[in-house]
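Comments concern the structure below.
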């Protein structure tokens, strides 16, 4: 019992110990959903690519940064920042709102066959975000042949400081 | 009876012949003494000066001159030096207030790192908080800038402290501008909102990632850069305190 306490104290000390004597600020955690994700949707019909900054999944008036997948009976809410690519395998969704797809995660390069939810009830799930110029853009998930996900601001250029509306 | 005895007392004790003999012997002894003494050396200039100064009146004049001219002059020089050191200390104190303000700014926005986006009231609230910090900093900077003149050796030429202060102020302003820009972008960039409240915004803005960059900037400016200027000031004050001039480099 005593040795476990000593162990906990030692671990706590190692975690908070620093090697600098000068003020070093505070290290707050990155809040959930704070990672901006840029997606590139390749259109089913014409293969035209649409770049969407700050992508969220939208259904109705609600927005989320997670997409629902299913492998067998296992359902999972995948954060967009944890996905590298999704290739949708059909043009029509099943009655439960899922469609076959090939999924590649950010932490696992192996492509996996999964079901991806594209409809919630009678509402279509959409990719929602902004173009580089700041214009709002919304695309039905099902219209994309494939979707690539880029965490953070990869590939994006800084358009300069924002201007306030008058 | 009484008249006779007083008459006897008035009579000389020695006869005239004896007196004359003693007088002659004394004169002879004086002549011998005078002739046996070595001749007087001629007085040197210092001896003459000392002899002159030992005169009471001369001493009075010299003392009056010292107390009316030289003492006030030394006192004035001492007071001036003391005043300069005090101003240097005040300048240093104001510099510490000035340089610490960037930490206040940093800690003011820290709670917002846990927000994905902010609305107008929150933006205005934090803008007001930062404005207060900035106003105090501007006040401290004005004082530091004015007081830093005391480090000058030549009234026309800027001292090393003033040059270091200017360089530091530019870096501090750059860091402060980064904080401003971050707050504005957090307000302007929509996450869950349909659109931005601003005319334009940066869709690639990553609030948390940008805050990490600000933190690095604040640590560099608030620690290394301010330490350099503070060290220079303290060295100058110490040098001046030990009797040196402003020529320290």
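Rule-based calculations on the coordinates, nothing more; no lab input. The shown structure was predicted, so the numbers you read here are calculated from the model rather than taken from an experiment. Note: ideal-geometry Cβ built from the backbone for every residue, glycine included; neighbour counts use all protein chains shown.
A few notes on this one:
- Crossing angle, helix B:56-65 versus chain B [Cα axis fit, 0-90 degrees, rounded to tens]: 10 degrees
- With N counted as the residues of the range A:37-151, its alpha-carbon radius of gyration over 2.2 N^0.38 Å works out to 0.97.
- Per residue, the Cα convex hull of the protein assembly as shown amounts to 454 Å³.
- Proportion of all alpha-carbon pairs of the range B:32-85 beyond 17 Å (%): 65 percent
- Within a Gaussian network of chain B (alpha carbon springs, distance under 10 Å), most fluctuating of B:222, B:93, B:63: B:63
- Rounded FRET efficiency, nearest 0.05, which uses the C-beta distance separating residue B:170 from residue A:74 and R0 of 45 Å: 0.20
- Taking 1.306 mPa s as the viscosity and 10 °C as the temperature, the Stokes-Einstein diffusion coefficient of chain B based on its alpha-carbon Kirkwood radius rounds to 60 µm²/s.
- Taking every residue in B:112-122 and counting other chain Cβ atoms within 10 Å of its Cβ, the average works out to 2.
- To the nearest ten degrees, helix B:226-241 and the longest principal axis of the Cα atoms of chain B are 10 degrees apart.
- Against the main long axis of the alpha-carbon atoms of chain B, helix B:207-219 sits at an angle near 10°.
- Across chain B, the mean sequence separation of Cα contacts (distance under 8 Å, 6 or more residues apart), normalised by length, yields a relative contact order of 23 percent.
- Footprinting exposure proxy ranking of A:85, A:113, fewest other C-beta atoms within 10 angstrom first, gives A:113, A:85.
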